[in-house]
1. Just to be sure I understand the model, the point goes 7 Å from the Cα along the line to the Cβ. What's the resulting ALA162 to ALA256 distance in nm?
2. Could you give the nm distance between label points at ALA20 and ARG154, where each point is 7 Å from its Cα heading toward the beta carbon?
3. Sort 123-132, 252-261 by the packing proxy (mean of other Cβ within 10 Å over each peptide's residues), most packed first.
4. Of the GluC sites (Glu not before Pro) in the stretch 94-163, which ones lie in a loop per DSSP and count no more than 15 other C-beta atoms within 10 Å?
5. Suppose R0 equals 41 Å. What FRET efficiency, 1/(1 + (r/R0)^6) with r the Cβ-Cβ distance, do SER197 and LEU37 give to the nearest 0.05?
6. Could you grab the relative contact order for the stretch 68-204? Cα pairs under 8 Å, six or more apart, rounded to a whole percent.
7. Just by accessible area at a 1.4 angstrom probe, what is the order of ARG40, ARG154, ARG113 from largest to smallest?
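The values are calculated or read from the model by the stated rules, or taken from the named source; none is laboratory data. For clarity, every value in this text was computed on a predicted model and none was experimentally measured. Note: ideal-geometry Cβ built from the backbone for every residue, glycine included; neighbour counts use all protein chains shown. Just so you know, the surface numbers come from the protein's heavy atoms only, side chains and all, with ligands and any DNA or RNA stripped out. Shrake-Rupley method; radii C 1.70, N 1.55, O 1.52, S 1.80 Å.
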Amino acid sequence: MRPEATEDSPLLTIFSAPKAFKGHVGIIQQNAIRSWLSLRPKPRVILFCNEDGAAEVLRGLEVELISDVETNSYGTPLVSSMFALADARAASDVVAFVSADIILTHRIMEAGRIAAAWSRRFLLVAQRHDVDVRQLMEFDERWEERWAAQAVARGKLHSPGAIDLFMYPRGQYQHMPPFAIGRTSYDNWLLWNTVASDIPLIDATDFVTLIHQNHDYLHAANVDVWDGDEARENRKWVKHWTNFYSIAHATWTMSAEGKIGPAVGWKYRMARPRQFLSYALRPSRGIRTRLRSWRFARRYGV
């Protein structure tokens, strides 16, 4: 049953699918979730997680923990089930699917207001800033002033291919294929399907700050997220490699001042050439992922 909206209802519902709260990954996931709960007005936060110990770690936080999610034959939770459950449980007209390692700043709330006032349908995305964070952070009223800007300045803006935020009106994606979470392609499909459906795809990189906390990939050491059976099953729904859209395929942009206009810069003109390059480098992706994981593992001493 869908919660009824009231004057005190949140303006945004955030949902995510965190991994086990262990080691460094556990630390950065707690940081991300606490940053979401520090937003004002406070959003509703829904976490799809059945990992042992999650309830204990999250005790005292105002989050809804859901473990009953539809899975595929491998037992992997389905993104489509999460989207449907989030629609049903949302306490707002705008929802956002966010990676569990992403710290959000208060501008995300304003971005949602602007986009919802501008169009009845939209998908808002943004590039992330990769930052090293190794400990639990404090999220009081002035945390953004204390360290967010400096962290972003020390970090690195990731390429448009990494998509960690999907903000959209509730109910917009009711017919999503059965994508397995944590495998390739569902994020690319969301962007491609949006554009193919004549829904505005908004790149809000200049307005919204996403702080991605760097981490290794040891949690997926035994899963081939790119070329395994589940990955191939996911990929078939995209139909053709030219449909693997990135943030650079956005049709609209949100400026630093919050103005929405057509996406006409070089970033968007180069989307197709970058796509060809990505396709050419696809066979080496597994090796590159393992090398990156090895480098972060050495950095964090795990």
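1. For ALA162 paired with ALA256, the spin-label model returns 2.2 nm.
2. Here the answer is 3.0 nm between the modelled labels.
3. On the way: 123-132: 22.7, 252-261: 15.1.
The most tightly packed comes first, giving 123-132, 252-261.
4. Answer by residue number: GLU138, GLU141.
5. Values: r = 33 Å, r/R0 = 0.79.
Efficiency for this residue pair is about 0.80.
6. Values: 155 pairs, mean separation 55.5, N = 137.
Across the stretch 68-204, relative contact order equals 41 percent.
7. Numbers: ARG40 135, ARG154 180, ARG113 100 Å².
The residues order as ARG154, ARG40, ARG113, largest area first.
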